[in-house]
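The values are calculated or read from the model by the stated rules, or taken from the named source; none is laboratory data. Owing to the predicted nature of the structure, the values given are computational and were not obtained by experimental measurement. We place every Cβ from the backbone using ideal geometry, glycine too, and count neighbours over all the protein chains shown. Ligands, DNA and RNA are excluded from the accessible area calculation, which covers all protein heavy atoms including side chains. Shrake-Rupley method; radii C 1.70, N 1.55, O 1.52, S 1.80 Å.
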Amino acid sequence: MTFLADVWYVAWRELVKFFRARVRLAVTLVQPVLWLGLMGNMMQGLTANPYIQQLLGTGSYLAFMTPGIVLMTVLFGGVFSGMSIVWDRRIGYLEKLLAAPISRGAIPLGKMLAAAVQGGIQVLIIVLIATGFGVRFATGPGGVVVILLIAMVFSMILSGISLTLSAILKTQETLMAVVNFLTLPVMFTSNALFPKEAMPGWLAAIARVNPVTHAVTPIRELAIVGWNWGGMASGIGITVGLAALAALVAQWTFRRATVE
C-alpha cells in the first residue's frame, strides 16, 4: 500500500498542476478540433466514392478519423511528460523528492498515471466534440469507456518513453528536440488518418509494426464496427504489453540515473 500511496502522491501533484493550467488544456484541444473541423470535413467528400468507402470501412471520414485524433491527442500529451522531470530537476524539486521517504520507482509511475488521467480527460472532450460533428459510436457509451481505457494505456507508453529520455537527456531543449523529432513520423507512419490499404508497400509495412496502429485499430473497431473482440484482441494485448514494458524501462532508467 505504501508504494501505491507514493505513486498516487506523485500523480496527484501532477494532476493539480494540470487542472490549474486551464490555458494549457484549452491549447492542447485546439489542434484536434482543427483536424476534425477542417481536415475531417474537407475529406468527407471522398466517401462518396464506393471504393473509398470500402477502404475506410465506413461512409464517414470523420468517423474513420476520430480514433486517429484520439490517439494523436494522447500521443502529444504523453511525449511531453518527461518535461516535468527536467523542470523538477531545474528548480530543485526533484532533489527534494528523492530525499523524501518515498520509493524512487513511484516517481516515474506516478507521472505516467497522471499522464494517463490527463489523456483520458482530453479524449473524453474529443469524443464529445466528435459527437457534436455528427460521429456516432457503434458501441455506444460502453464502447466509449473502453476507448478511454485504451487511450489511457497508450498514453502510458508515450509517457514512459518520454520519462526514460528525460532521465538520460538532462536539458529541456534537448528533450524537446528529440520528442518533436519522433512525434510526427510515428503519427504519419500509422493508420491513424489513412488506411494501410491506401499506402505504398514500404509505408504499409512500417504501419503494421507501429504501436499507434496497434492502438488505433481496436478504437476504430469500437467506433465504426462494434464489439468485434476478434479484431481488437491483438491490438489491445500489444498496447497493454508495451505500456508494461515502458513502465519497467522508465523505472529502471530513472533509478539508475538518480543513483549515479
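A few comments on the model shown:
- Residue count, segment 231-260 (criterion: open to solvent by 70 Å² or more (accessible area, probe 1.4 Å) and either of a type outside the set (A, V, I, L, M) or outside any helix (DSSP H, G or I) (or both)): 5
- Residue match in segment 28-36 (condition: within 20 Å of S190 (Cα to Cα) and open to solvent by less than 40 Å² (accessible area, probe 1.4 Å)): yes
- Residues of segment 73-104 classified as surrounded by fewer than 19 Cβ atoms within 10 Å (Cβ to Cβ) and of a type in the set (V, I, T), total: 2
- Single unsatisfied condition, Q54 versus (1) at pLDDT 80 or above; (2) open to solvent by less than 10 Å² (accessible area, probe 1.4 Å); (3) of a type outside the set (D, E): (2)
- Residue in segment 207-223 that is within 15 Å of F80 (Cβ to Cβ), more than 14 Å from the chain's Cα centre (by Cα) and not small (G, A, S) present: no
- Conditions (1) assigned to a helix (DSSP H, G or I); (2) surrounded by 21 or more Cβ atoms within 10 Å (Cβ to Cβ); (3) polar (S, T, N, Q); number of the one not met by S190: (1)
- Subset of segment 122-148 [aliphatic (A, V, I, L, M) and free of Cβ contacts under 8 Å to residues at least 12 places away in the same chain]: L128, V145
- R208 under 27 Å from L46 (Cα atoms), part of a helix (DSSP H, G or I) and among the basic types (K, R): yes
- In the condition set (1) closer than 30 Å to S60 by Cα; (2) open to solvent by 80 Å² or more (accessible area, probe 1.4 Å), Q44 is compliant with all but (2).
- Put simply, of A177, A151 the only residue that is in a helix (DSSP H, G or I) and crowded, with 18+ Cβ neighbours inside 10 Å is A151.
- Selection from segment 154-171 of residues that are surrounded by fewer than 16 Cβ atoms within 10 Å (Cβ to Cβ) and either without any contact (Cβ under 8 Å) to a residue 24 or more places away in the chain or in a helix (DSSP H, G or I) (or both): I168
- Verdict on I107 being surrounded by 22 or more Cβ atoms within 10 Å (Cβ to Cβ) and either in a helix (DSSP H, G or I) or not polar (S, T, N, Q) (or both): yes
- The residue of segment 1-27 that is nearest to P101 (Cα to Cα), among those that are open to solvent by 30 Å² or more (accessible area, probe 1.4 Å) and among the small types (G, A, S), is A5.
- When we screen A116, A130, A138 for residues that are surrounded by 19 or more Cβ atoms within 10 Å (Cβ to Cβ), modelled with pLDDT of 90 or more and under 26 Å from T213 (Cβ atoms), the only hit is A116.
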